[in-house]
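Presented below is the structure to which this report refers.
The values are calculated or read from the model by the stated rules, or taken from the named source; none is laboratory data. For clarity, every value in this text was computed on a predicted model and none was experimentally measured. All Cβ positions, glycine included, derive from the backbone under ideal geometry; neighbour counts span all protein chains shown. Surface areas here come from the heavy atoms of the whole protein model, side chains and all, with no ligands, DNA or RNA. Shrake-Rupley method; radii C 1.70, N 1.55, O 1.52, S 1.80 Å.
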Amino acid sequence: MNVPAPGLAMPDEAFAVLTDWLPANDDHARPLIALATVDIAGHPDSRSVLLSEFDRSGFFVHTDSRSRKVAGVEAHPEVAFSIAWPADLRQLTVQGVARRASTDEEASAYARRSRYLQLLAWLNTPEFALLPTDEQEESWAAFDAAHPDGTLTSPDTWLGFVIAPTRLTFWEGNPRAASRRIEHRRAADGTWSTATLPG
Ligand SMILES: Cc1cc2nc3c(=O)[nH]c(=O)nc-3n(C[C@H](O)[C@H](O)[C@H](O)COP(=O)(O)O)c2cc1C
């Protein structure tokens, strides 16, 4: 398996395009990615998650430790995701290897989440999901009132992954010509190569 060493950076050209295409990490509006994993039975699985932040080492997402994706990633750390901006004629697809983010990164990502998502991280439990809506709303409001803004830290179930890319593919459309892709691939020896492909 082509597992990048922690902290191994992606090529400068790829990072420059990411910086152009993705919102800055301090932008409150986080992009939504379709994250594909392999589940514990070996079947493909996918769901939408927020891209919390990115840096030269990879892409950070945050989730609940009890979620299916966590069991899947623990069994099969190789993942993929895609994100498209149809109006801008752009798509990014990434293959990579997920590993647990640092405790500091997890804490700072939680602190940057909206108030709603901070509460959700606490209340998104199997028991809560079973409550009738009116009881959910009462419990939510009570939890909210008991934990003023700025006092909550992440629950033990809050977990971050960083996806270290092994392949980054930038697709661009052109209404007057063919779409095409610029693809950066990381070889087993850690070197990166770039290819231009049809769209
Ligand atoms: C707009 C949107 C944003 C979401 N963001 C996240 C997220 O950042 N992290 C997360 O764990 N789930 C997020 N979810 C919920 C997931 O899509 C998914 O339902 C949940 O994580 C359970 O997935 P799993 O059972 O495959 O692990 C989001 C869903 C939507 C529709």
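Listed here are the residues, each with its yes/no results for (1) basic (Lys, Arg); (2) modelled with pLDDT of 95 or more; (3) in a strand (DSSP E or B); (4) open to solvent by less than 50 Å² (accessible area, probe 1.4 Å).
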site	(1), (2), (3), (4)
ASN2	no, no, no, yes
ALA16	no, yes, no, no
THR19	no, yes, no, no
ASP26	no, no, no, no
query = From ARG30, ARG47, ARG66, ARG56, which residue is of a type in the set (Lys, Arg), open to solvent by 20 Å² or more (accessible area, probe 1.4 Å) and in contact with a helix residue (DSSP H, G or I) (Cβ under 6 Å, 6 or more places away or on another chain)?
reply = ARG56
ask   = How many residues are closer than 20 Å to THR169 by Cα, within 12 Å of the ligand (Cβ to nearest atom) and of a type in the set (Asp, Glu) if we restrict to the stretch 27-78?
value = 1
ask   = Taking the condition part of a strand (DSSP E or B), basic (Lys, Arg) and at pLDDT 95 or above, does ARG66 pass?
value = no
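Tell me, yes or no, whether the stretch 131-146 has at least one residue that is more than 16 Å from the ligand (Cβ to nearest atom), modelled with pLDDT of 95 or more and closer than 30 Å to ARG181 by Cα. Before you say what the answer is, go through the steps one by one.
So in the stretch 131-146, the residues more than 16 Å from the ligand (Cβ to nearest atom) come out as 131-146.
Restricting the remaining residues to those that are modelled with pLDDT of 95 or more gives 131-146.
Those left that are additionally closer than 30 Å to ARG181 by Cα: none.
No, there is no match, as no residue in the stretch 131-146 is more than 16 Å from the ligand (Cβ to nearest atom), modelled with pLDDT of 95 or more and closer than 30 Å to ARG181 by Cα.
Is it the case that the stretch 79-93 has a residue that's at positive phi, open to solvent by 30 Å² or more (accessible area, probe 1.4 Å) and away from the ligand (no atom under 14 Å from the Cβ)? Quick ask: steps written out before the conclusion?
Taking the stretch 79-93 as the starting set, the residues that turn out to be at positive phi are 89.
Pick out the ones that are also open to solvent by 30 Å² or more (accessible area, probe 1.4 Å) and you get 89.
With the extra rule that they be away from the ligand (no atom under 14 Å from the Cβ), the set shrinks to 89.
So far as the stretch 79-93 goes, yes, one or more of its residues are at positive phi, open to solvent by 30 Å² or more (accessible area, probe 1.4 Å) and away from the ligand (no atom under 14 Å from the Cβ).
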